[in-house]
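A.B. asks: Below you will find the structure I want to go over with you.
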């Protein structure tokens with residue numbers, strides 16, 4: 001039996017949620033998987049858990065964070081005492097904090113997944129907590145080489161750090177939902193949380209300049225977050241109401257529809273490490289790639305591992321180059337198509353979840 005301890009699990013949406021759920025379902029084809037997850041939404045959690053009941057067992061814990069974490073460990077203990085658990089996988093170091101000593105006492109192997117943001121702390125006491133947990137785990141699997149290097153700065157034993165790129169959902173075979181009327185061309189998209197480091201503001205500045213050559217250009221902002229009001233204010237300031245669409249959180253069918261009508265994925269992540277925010281990898285680039293869409297990203301964090309410069313998209317070294325990079329790809333459809341074809345080929349070969357799950361299995365077996 002393999003136990004997965006996680007705070008991030010569907011029905012919540014997000015990159016870590018996607019990684020943990022797909023990993024659980026993939027491993028569930030070969031192992032008995034029990035997921036100890038936080039409750040998010042009573043109704044939608046129940047729908048998701050019922051859909052997956054033949055592949056994995058999901059046990060939910062709700063309530064205030066302090067009590068929720070401790071209740072989850074109490075429910076975990078009988079499983080640990082059963083001597084049937086051979087491995088515990090945690091979504092982050094936080095999920096292991098209250099159980100790592102017991103797991104080590106029982107000689108149960110542990111894997112801690114690493115994503116990037118969780119290691120950026122300016123609090124010495126928190127850094128000590130992180131370091132203690134990471135040094136106590138059997139193995140750490142990072143989502144990129146960039147994240148693996150962050151981990152190496154914190155722990156003494158570098159040998160048990162591995163990295164496996166996460167998979168991305170290939171949505172090409174599902175039903176699309178034309179939930180919005182996209183008028184105009186070309187179409188740019190950013191699929192991400194609305195937070196400063198995703199670079200929406202600099203994209204809007206570039207779109208304003210692009211309207212001189214592409215008056216019907218459409219920029220779709222998909223996602224929700226704290227920056228929405230600032231972005232809406234900027235859209236009005238730039239008089240881009242006819243060129244920019246805020247579509248909010250999108251489900252898989254809606255996401256497919258957007259990708260079917262998108263020419264370019266643009267997410268130039270900014271260096272917000274001082275504010276404890278960094279792009280550890282960037283699954284959204286790969287989701288777009290399955291549809292033959294190239295991406296424009298920056299060389300910040302792990303983005304340059306998700307997008308290969310001049311092969312599957314463009315990596316810019318200076319944010320001031322964003323307008324020029326977008327403009328060049330829009331006026332050169334052959335180059336854009338070539339990058340998109342390579343992006344699609346790489347996504348299919350390397351980021352299909354069946355392939356990625358086998359990479360995790362290899363890391364686990366090792």
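A.B. asks: Just to be sure I understand the filter: pairs with C-beta atoms under 6 Å, separated by 6 or more residues or on different chains, first member in the stretch 164-177 and closer than 19 Å to residue 14 by Cβ, second member in a loop (DSSP other than H, G, I, E, B). Which pairs pass?
C.D. replies: 166/143; 167/351; 168/351; 170/290
A.B. asks: Output the number of the condition that residue 103 fails; it satisfies all remaining conditions of (1) buried (at least 22 other Cβ atoms within 10 Å of the Cβ); (2) in contact (Cβ under 8 Å) with a residue 40 or more places away in the chain; (3) not in a strand (DSSP E or B).
C.D. replies: (2)
A.B. asks: When you scan the stretch 147-169, how many residues do you find that are within 16 Å of residue 16 (Cβ to Cβ) and out of contact with any strand residue (DSSP E or B) (no Cβ under 8 Å at 6 or more places or on another chain)?
C.D. replies: 5
A.B. asks: Next question. Counting just the residues of the stretch 296-310 that are within 14 Å of residue 338 (Cβ to Cβ) and touching a helix residue (DSSP H, G or I) at 6+ places or on another chain (Cβ under 8 Å), which one comes out surrounded by the fewest Cβ atoms within 10 Å (Cβ to Cβ)?
C.D. replies: First, pick out the residues of the stretch 296-310 that are within 14 Å of residue 338 (Cβ to Cβ): 308-310.
Checking which are touching a helix residue (DSSP H, G or I) at 6+ places or on another chain (Cβ under 8 Å) leaves us with 308, 310.
On the way: 308: 17, 310: 11.
Out of the qualifying residues, it is 310.
A.B. asks: Can you go through 280, 313 and tell me which one is in contact (Cβ under 8 Å) with a residue 40 or more places away in the chain, crowded, with 17+ Cβ neighbours inside 10 Å, under 15 Å from the mean Cα position of the chain (by Cα) and in the same structural domain as residue 197 (by TED's automatic domain parsing)?
C.D. replies: Details: 313 fails: under 15 Å from the mean Cα position of the chain (by Cα).
That would be 280, the only listed residue that is in contact (Cβ under 8 Å) with a residue 40 or more places away in the chain, crowded, with 17+ Cβ neighbours inside 10 Å, under 15 Å from the mean Cα position of the chain (by Cα) and in the same structural domain as residue 197 (by TED's automatic domain parsing).
A.B. asks: Ok, one more. Of these, 335, 327, which one is in contact with a helix residue (DSSP H, G or I) (Cβ under 7 Å, 6 or more places away or on another chain) and free of Cβ contacts under 8 Å to residues at least 12 places away in the same chain?
C.D. replies: Values: 327 fails: free of Cβ contacts under 8 Å to residues at least 12 places away in the same chain.
After applying the criteria, what remains is 335.
A.B. asks: May I pose another question? Return the residues of the stretch 188-244 that are more than 21 Å from the chain's Cα centre (by Cα), under 30 Å from residue 12 (Cα atoms) and in a helix (DSSP H, G or I); say none if nothing qualifies.
C.D. replies: Result: 202, 204, 229, 230, 231, 232, 233, 234, 235.
A.B. asks: Is there a residue being part of a helix (DSSP H, G or I) and in contact with a strand residue (DSSP E or B) (Cβ under 6 Å, 6 or more places away or on another chain) anywhere in the stretch 299-306? Please lay out each step first, then the result.
C.D. replies: First pass over the stretch 299-306, keeping only residues part of a helix (DSSP H, G or I): 303-306.
If we keep only those that are in contact with a strand residue (DSSP E or B) (Cβ under 6 Å, 6 or more places away or on another chain) as well, we get 303-304.
Yes, that holds for at least one residue.
A.B. asks: Right, here's the next one. If I filter the stretch 78-96 down to residues being within 15 Å of residue 109 (Cα to Cα) and part of a helix (DSSP H, G or I), which single residue comes out as farthest from the chain's Cα centre (by Cα)?
C.D. replies: 81
A.B. asks: Is it true that residue 67 is modelled with pLDDT of 90 or more and in a loop (DSSP other than H, G, I, E, B)?
C.D. replies: Numbers: modelled with pLDDT of 90 or more: yes; in a loop (DSSP other than H, G, I, E, B): no.
When the stated conditions are applied, residue 67 does not pass them.
Conditions tested, residue by residue: (1) buried (at least 17 other Cβ atoms within 10 Å of the Cβ); (2) at pLDDT 90 or above.
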position: 327; (1), (2): no, yes
position: 331; (1), (2): no, yes
position: 335; (1), (2): no, yes
position: 338; (1), (2): no, yes
position: 343; (1), (2): yes, yes
position: 355; (1), (2): no, yes
position: 364; (1), (2): yes, no
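A.B. asks: Kindly indicate whether residue 5 is at pLDDT 95 or above and either surrounded by 14 or more Cβ atoms within 10 Å (Cβ to Cβ) or within 21 Å of the chain's Cα centre (by Cα) (or both).
C.D. replies: Values: at pLDDT 95 or above: yes; either surrounded by 14 or more Cβ atoms within 10 Å (Cβ to Cβ) or within 21 Å of the chain's Cα centre (by Cα) (or both): yes.
Spelling it out, residue 5 is indeed at pLDDT 95 or above and either surrounded by 14 or more Cβ atoms within 10 Å (Cβ to Cβ) or within 21 Å of the chain's Cα centre (by Cα) (or both).
A.B. asks: Report whether or not residue 72 is surrounded by 11 or more Cβ atoms within 10 Å (Cβ to Cβ) and either in a helix (DSSP H, G or I) or out of contact with any helix residue (DSSP H, G or I) (no Cβ under 9 Å at 6 or more places or on another chain) (or both). Spell out how you get there, then give the answer.
C.D. replies: Details: surrounded by 11 or more Cβ atoms within 10 Å (Cβ to Cβ): yes; either in a helix (DSSP H, G or I) or out of contact with any helix residue (DSSP H, G or I) (no Cβ under 9 Å at 6 or more places or on another chain) (or both): yes.
The answer is yes for residue 72.
A.B. asks: For the subset of the stretch 345-359 comprising residues that are in a helix (DSSP H, G or I) and in contact with a helix residue (DSSP H, G or I) (Cβ under 6 Å, 6 or more places away or on another chain), which member is nearest to residue 308 (Cα to Cα)? Step through it out loud before you land on a result.
C.D. replies: From the stretch 345-359, those in a helix (DSSP H, G or I) are 345-350, 353-359; that's our starting set.
This time we only want the ones that are in contact with a helix residue (DSSP H, G or I) (Cβ under 6 Å, 6 or more places away or on another chain), so: 347, 353, 357.
On the way: 347: 12, 353: 20, 357: 22 Å.
Residue satisfying both the conditions and the ranking: 347.
A.B. asks: May I pose another question? Quick one: which residue in 178, 135 is part of a loop (DSSP other than H, G, I, E, B) and either under 23 Å from the mean Cα position of the chain (by Cα) or surrounded by fewer than 22 Cβ atoms within 10 Å (Cβ to Cβ) (or both)? So that I can check it myself, show each step before the final result.
C.D. replies: Numbers: 135 fails: part of a loop (DSSP other than H, G, I, E, B).
It is 178.
A.B. asks: Residues in the stretch 243-262 that are touching a strand residue (DSSP E or B) at 6+ places or on another chain (Cβ under 9 Å), surrounded by fewer than 20 Cβ atoms within 10 Å (Cβ to Cβ) and at negative phi: how many? Even if it seems obvious, please write down each step before you answer.
C.D. replies: In the first step, residues of the stretch 243-262 are kept if they are touching a strand residue (DSSP E or B) at 6+ places or on another chain (Cβ under 9 Å); the result is 243-250, 254-255, 258-259, 261-262.
Subset that is surrounded by fewer than 20 Cβ atoms within 10 Å (Cβ to Cβ): 246-249, 254, 261.
Applying the additional criterion that residues be at negative phi yields 246-247, 249, 254, 261.
Of the residues in that region, 5 qualify.
The values are calculated or read from the model by the stated rules, or taken from the named source; none is laboratory data. A quick note: this is a predicted structure, and the numbers were derived from the prediction, not measured. Cβ coordinates were reconstructed from backbone atoms using ideal geometry, including for glycine residues, and neighbour counts include every protein chain displayed.
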